[in-house]
1. Cβ-Cβ distance below 9 Å, separation of 6 or more or different chains: which pairs start in the stretch 1-30 with a residue that is farther than 17 Å from K86 by Cα and end on one that is acidic (D, E) and at pLDDT 95 or above?
2. Go through (1) free of Cβ contacts under 8 Å to residues at least 12 places away in the same chain; (2) touching a Lys or Arg at 6+ places or on another chain (Cβ under 8 Å) one by one and return the number of the condition G54 breaks.
3. Select from the stretch 51-61 the residues that are surrounded by 14 or more Cβ atoms within 10 Å (Cβ to Cβ) and part of a loop (DSSP other than H, G, I, E, B) and write down the one among them that is modelled with the lowest pLDDT.
4. Tell me yes or no: at least one residue of the stretch 70-84 is more than 15 Å from the chain's Cα centre (by Cα) and among the charged types (D, E, K, R).
5. Can you tell me how many residues in the stretch 37-84 are closer than 15 Å to V99 by Cα and touching an Asp or Glu at 6+ places or on another chain (Cβ under 9 Å)?
6. Are any residues in the stretch 22-50 assigned to a strand (DSSP E or B), under 17 Å from the mean Cα position of the chain (by Cα) and farther than 14 Å from K106 by Cβ, and if so, which ones?
7. For the stretch 1-15, name all the residues that are surrounded by 15 or more Cβ atoms within 10 Å (Cβ to Cβ) and either in a loop (DSSP other than H, G, I, E, B) or over 14 Å from the mean Cα position of the chain (by Cα) (or both).
8. Hey, among the residues in the stretch 88-102 that are within 16 Å of V78 (Cβ to Cβ) and of a type in the set (A, V, I, L, M, F, W, C), which one's most open to solvent (accessible area, probe 1.4 Å)?
Amino acid sequence: QVQLVESGGGLVQPGGSLRLSCAASGNIFRIYGMGWYRQTPGKQRELVAQITSGGGTNYANSVKDRVTISRDNSKNTVHLQMNSLKPEDTAVYYCKMVVSMNYWGKGTLVTVSS
């Protein structure tokens with residue numbers, strides 16, 4: 001079993017920044033892809049950013065140029081640096097890691113509001 005724990009969410013004013021982190025623990029041999037997704041009530045979970053084991057990245061158009069995903073393979077962690085946050089970025093953010101299967105964290109709430 002693999003457990004993922006997200007941290008770093010909270011309340012931030014428009015234009016502000018947050019750094020989300022997700023740490024994996026448990027029976028891990030190798031983590032392939034890592035990613036961040038977000039979800040708001042009544043909507044499907046959507047991709048924010050993902051990073052491959054080789055460091056290749058992919059971003060949603062809505063956050064491109066405002067967020068950066070990074071990973072630390074030695075610590076089994078993935079981070080999401082979010083800048084210039086907008087109210088529409090408000091959501092629960094979920095971490096996903098691909099090990100032998102897909103694993104998800106429980107989510108961390110990001111609220112962008114003045």
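The values are calculated or read from the model by the stated rules, or taken from the named source; none is laboratory data. What you see is a predicted model; the values in this text were computed from it and never measured. Note: ideal-geometry Cβ built from the backbone for every residue, glycine included; neighbour counts use all protein chains shown. Surface areas here come from the heavy atoms of the whole protein model, side chains and all, with no ligands, DNA or RNA. Shrake-Rupley method; radii C 1.70, N 1.55, O 1.52, S 1.80 Å.
1. S21/E6; C22/E6; A23/E6
2. Unmet condition: (2).
3. This residue is T52.
4. Yes, the stretch 70-84 contains a residue that is more than 15 Å from the chain's Cα centre (by Cα) and among the charged types (D, E, K, R).
5. Qualifying residue count for the region: 1.
6. Matches in the stretch 22-50: M34, G35, E46, L47, V48, A49, Q50.
7. Result: V2, G8, G9, V12.
8. Of everything passing the filter in the stretch 88-102, V98 is most open to solvent (accessible area, probe 1.4 Å).
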